[in-house]
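The values are calculated or read from the model by the stated rules, or taken from the named source; none is laboratory data. All values reported here derive from a predicted model rather than from experimental measurement. Reconstructed Cβ throughout: ideal geometry from the backbone, glycine too, with neighbour counts over all protein chains shown. Each accessible area value is taken on the protein alone, full model and side chains, heavy atoms only, with ligands, DNA and RNA left out. Shrake-Rupley method; radii C 1.70, N 1.55, O 1.52, S 1.80 Å.
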Amino acid sequence: MVFLQIYRDVTMNNLMGMSITLAIVYSRGLKWEYSIESLLVVVVGIAIGLPAYVRSTYPFWICVMAFAMYIFSLVLIYIHFHLRGQS
């Protein structure tokens with residue numbers, strides 16, 4: 001139960017920080033050019049944080065999914081930079 005509460009708080013903190021940042025950028029009319037890395041952090045954070053938020057236990061398959069998403073995100077970043085011609 002303690003792990004669930006900690007992970008829920010961490011997820012809410014990350015989502016709240018991103019929401020406030022986006023609200024400031026939008027309200028000031030600033031142009032925000034986010035990178036593929038930022039987008040992957042948000043996607044992985046939501047995909048791993050949402051099951052932890054709605055469940056009372058953290059099943060093993062979510063841990064496996066977290067490691068798989070980490071590797072998948074690294075591959076996506078490599079492909080993105082490789083296609084753009086950057087090393």
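Suppose a student asked you for the relative contact order of the chain, using Cα pairs under 8 Å spaced at least 6 residues apart; what percent would you report?
38 percent
Positive end of the charge dipole of the chain (Lys, Arg +1 and Asp, Glu -1 on Cβ, about the Cα centre): tell me which of V10, G29, F60 has its Cα farthest that way.
Selected residue: G29.
Quick one: accessible area per residue over the chain, 1.4 Å probe, rounded to a whole number of Å²?
Per residue, the chain has 81 Å² of solvent-accessible surface.
Mind sorting out which of (1) -0.61, -0.69, -0.77, -0.92; (2) -0.26, -0.37, -0.50, -0.83; (3) -0.42, -0.57, -0.72, -0.96 is the real log10 I(q)/I(0) by the Debye sum over Cα atoms at q = 0.11, 0.13, 0.15, 0.19 Å⁻¹ computed from the coordinates?
Given (1) -0.61, -0.69, -0.77, -0.92; (2) -0.26, -0.37, -0.50, -0.83; (3) -0.42, -0.57, -0.72, -0.96, the structure-derived one carries the label (3).
Provide the solvent-accessible area of S73, counting protein heavy atoms only and rolling a 1.4 Å probe, rounded to the nearest 10 Å².
Counting only protein heavy atoms, S73 exposes about 20 Å² to solvent.
Contour minus end-to-end for Y26 and I46, with contour as 0.36 nm per residue of separation and end-to-end as the Cα-Cα distance?
Value of the extension gain: 5.1 nm.
For the chain, what % of the accessible area comes from carbon and sulfur atoms, probe 1.4 Å?
Exposed carbon and sulfur together represent 70 percent of the surface.
For the chain, give the magnitude of the charge dipole about the Cα centre (Cβ charges: +1 Lys/Arg, -1 Asp/Glu; no others), in debye to the nearest 20.
Dipole about the Cα centre, nearest 20: 120 debye.
Rounded to the nearest 0.05, what FRET efficiency do S19 and R84 give with R0 = 30 Å and r taken as the Cβ-Cβ distance? Could you check?
0.55
Summing -39500 (n - 2.57) over the DSSP H runs of n ≥ 4 in the chain and dividing by its residue number, what mean residue ellipticity at 222 nm do you reach, to the nearest 500 deg cm²/dmol?
-28500 deg cm²/dmol
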